[in-house]
1. So, in segment 99-131, exactly how many residues are touching a residue at least 12 places away in the same chain (Cβ under 8 Å), touching a helix residue (DSSP H, G or I) at 6+ places or on another chain (Cβ under 9 Å) and open to solvent by less than 90 Å² (accessible area, probe 1.4 Å)?
2. Please go through segment 4-54 and give me each residue that is under 18 Å from Glu75 (Cα atoms), open to solvent by less than 90 Å² (accessible area, probe 1.4 Å), modelled with pLDDT under 70 and not β-branched (Val, Ile, Thr), ordered by number.
3. Please go through segment 82-94 and give me each residue that is in a loop (DSSP other than H, G, I, E, B) and open to solvent by 50 Å² or more (accessible area, probe 1.4 Å), ordered by number.
4. Is it the case that some residue within segment 51-68 is touching a Cys at 6+ places or on another chain (Cβ under 8 Å) and of a type outside the set (Ser, Thr, Tyr)?
5. Does segment 29-44 contain any residue that is part of a helix (DSSP H, G or I) and closer than 25 Å to Ala99 by Cβ?
6. Suppose we filter segment 86-97 for residues that are over 22 Å from Trp53 (Cα atoms) and out of contact with any helix residue (DSSP H, G or I) (no Cβ under 8 Å at 6 or more places or on another chain); how many remain?
7. Go through segment 61-81 and give me each residue that's closer than 19 Å to Ile126 by Cβ, under 11 Å from the mean Cα position of the chain (by Cα) and open to solvent by less than 30 Å² (accessible area, probe 1.4 Å).
8. Is there any pair linking a residue in segment 33-54 that is touching a residue at least 12 places away in the same chain (Cβ under 8 Å) to one that is of a type in the set (Phe, Trp, Tyr) and open to solvent by 90 Å² or more (accessible area, probe 1.4 Å), with Cβ under 9 Å and at least six apart or on different chains, and which?
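The values are calculated or read from the model by the stated rules, or taken from the named source; none is laboratory data. Keep in mind that this is a model prediction, so the values were computed, not measured. FYI the Cβ positions are ideal-geometry reconstructions off the backbone, even for glycines, and counts take in every protein chain you see. Ligands, DNA and RNA are stripped out before the accessible areas are found, and what is left, the full protein with its side chains, is counted by its heavy atoms. Shrake-Rupley method; radii C 1.70, N 1.55, O 1.52, S 1.80 Å.
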Amino acid sequence: MNDVQRLKEMGIPVWGLRRPELFPNAALNTLTLPDTCKLLFVSETTPNEHDAWLFGKILASMKLTPDQALRLPREALSNLKSHALEWCWFAGVDAIAMADVKQLTSPSLSLLQDNPDAKKALWVQIRQYER
């Protein structure tokens, strides 16, 4: 169990150090994404096989491949330091503003499957960035 999970279990949802120089090991909790990662999928659940199929179709429409995407839970975003992201997709979680990153929001993939209106809204978001 990592520190973020421990704090969450204690009822402390967000944390940050005011004086990080006093805690040299705090840098161990930072995330640096590989340069090949172009889309960050923020979701509390890992996509099942059927969800992964829909995810792959959506990625293909964005001219991305699954190996250019990474899934993280929302609380891990506070540890994100270095990235070359183009997209951040918040599925079933509240979005967090990220500078210089195209943002998408939708219900979770499992809810998106049977909701044509939500699918259409997601496609509209994707297309607005192509203009």
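1. If we filter segment 99-131 for residues that are touching a residue at least 12 places away in the same chain (Cβ under 8 Å), which is where we start, we get 101-113, 118, 121-123, 125-126, 129.
Retained after the next criterion (residues that are touching a helix residue (DSSP H, G or I) at 6+ places or on another chain (Cβ under 9 Å)): 102-113, 118, 122-123, 126.
Narrowing the set further to residues that are open to solvent by less than 90 Å² (accessible area, probe 1.4 Å) leaves 102-110, 112-113, 118, 122-123, 126.
Going through segment 99-131 one residue at a time, the tally reaches 15.
2. Hits for segment 4-54 are Leu7, Trp15, Gly16, Leu17, Ala26, Ala27, Asn29.
3. Taking segment 82-94 and keeping what is in a loop (DSSP other than H, G, I, E, B), we get 83-86, 92-94.
His83, Glu86, Gly92, Asp94 - these are the residues of segment 82-94 that are in a loop (DSSP other than H, G, I, E, B) and open to solvent by 50 Å² or more (accessible area, probe 1.4 Å).
4. So far as segment 51-68 goes, yes, one or more of its residues are touching a Cys at 6+ places or on another chain (Cβ under 8 Å) and of a type outside the set (Ser, Thr, Tyr).
5. If we filter segment 29-44 for residues that are part of a helix (DSSP H, G or I), which is where we start, we get 29.
From the residues that got through so far, the ones that are closer than 25 Å to Ala99 by Cβ too are 29.
Within segment 29-44, one or more residues are part of a helix (DSSP H, G or I) and closer than 25 Å to Ala99 by Cβ.
6. Taking segment 86-97 and keeping what is over 22 Å from Trp53 (Cα atoms), we get 94-97.
From what's left, out of contact with any helix residue (DSSP H, G or I) (no Cβ under 8 Å at 6 or more places or on another chain): 95, 97.
Result for segment 86-97: 2.
7. If the condition is that a residue be closer than 19 Å to Ile126 by Cβ, under 11 Å from the mean Cα position of the chain (by Cα) and open to solvent by less than 30 Å² (accessible area, probe 1.4 Å), then Ala69 is the only one that fits.
8. These pairs meet every condition: Pro47/Trp53.
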